[in-house]
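Throughout, read-outs are computed from the coordinates displayed, never taken from laboratory work. Model, not experiment: these values are computed from the prediction. Using ideal geometry, Cβ is built from the backbone for each residue, glycine included, and neighbour counts are taken over all protein chains shown.
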Amino acid sequence: QVQYVESGGGLVQSGGSLRLTCACSGFVLSDEIMTWHRQAPGKAREWVATLAPGGATFYLDSVKGRFTASRDDAKNTLYLQMSSLKPEDTAVYYCQKYESTTWGQGTQVTVSS
């Protein structure tokens, strides 16, 4: 069964960095388009990044140049390196394979001003 376990979130000051990790199981990561999403308090969940099997990446405009998605197919693990963090990046972050209906528990990122 498909599972995602996100980790690496925390409290960081504006301008700081965090690296999120998503350990995936129940499928072969190398075959899948993977995505990162986030949900801020009181807001709908939004797409953040897509990482294709060939390495192509696509990002939400507001995170371009600050966030980098990567994958380690051998470990079935996805990463999101976040730098120059802003208070508006505060959210619970989730990973998911494209068009999956399953979600993990997410990891909380809080950026203080």
**Prompt:** Taking a Cβ-Cβ separation under 4.7 Å as the criterion for a possible partner, which cysteines of the chain have none?
**Reply:** Cys24
**Prompt:** Which loop chymotrypsin sites (Phe, Trp or Tyr not before Pro) in region 1-94, with loop taken from DSSP, have no more than 16 other Cβ atoms within 10 angstrom of their Cβ?
**Reply:** Phe27
**Fill in**
Residues whose built amide H sits under 5 Å from the amide H of Leu85, excluding neighbours closer than 5 in sequence, are Gly15, Gly16
**Request:** Putting +1 on Lys and Arg Cβ atoms and -1 on Asp and Glu Cβ atoms, find which of Thr77, Ile33, Phe67 reaches farthest to the positive end of the dipole of the chain.
**Result:** Phe67
**Asked** So what's Rg/Rh here for region 4-97, counting alpha carbon atoms and using the Kirkwood radius for Rh?
**Response** 0.95
**Message:** Can you compute the modelled spin-label distance between Glu46 and Thr77, with each label point 7 Å from Cα toward Cβ, in nm?
**Reply:** 2.9
**Fill in**
Each label sits 7 Å from Cα toward the beta-carbon; between Ser62 and Ser100 the label points are separated, in nm, by 2.4
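With the contact rule set at Cα under 8 Å and sequence spacing of 6 or more, what percent relative contact order holds for region 60-113?
Details: 61 pairs, mean separation 15.1, N = 54.
This gives 28 percent for region 60-113.
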**Message:** Run the reach check for Lys75 against aspartates and glutamates, Cα to Cα strictly under 19 Å, same-chain hits fewer than 8 apart removed. What comes back?
**Reply:** Glu6, Asp31, Glu32
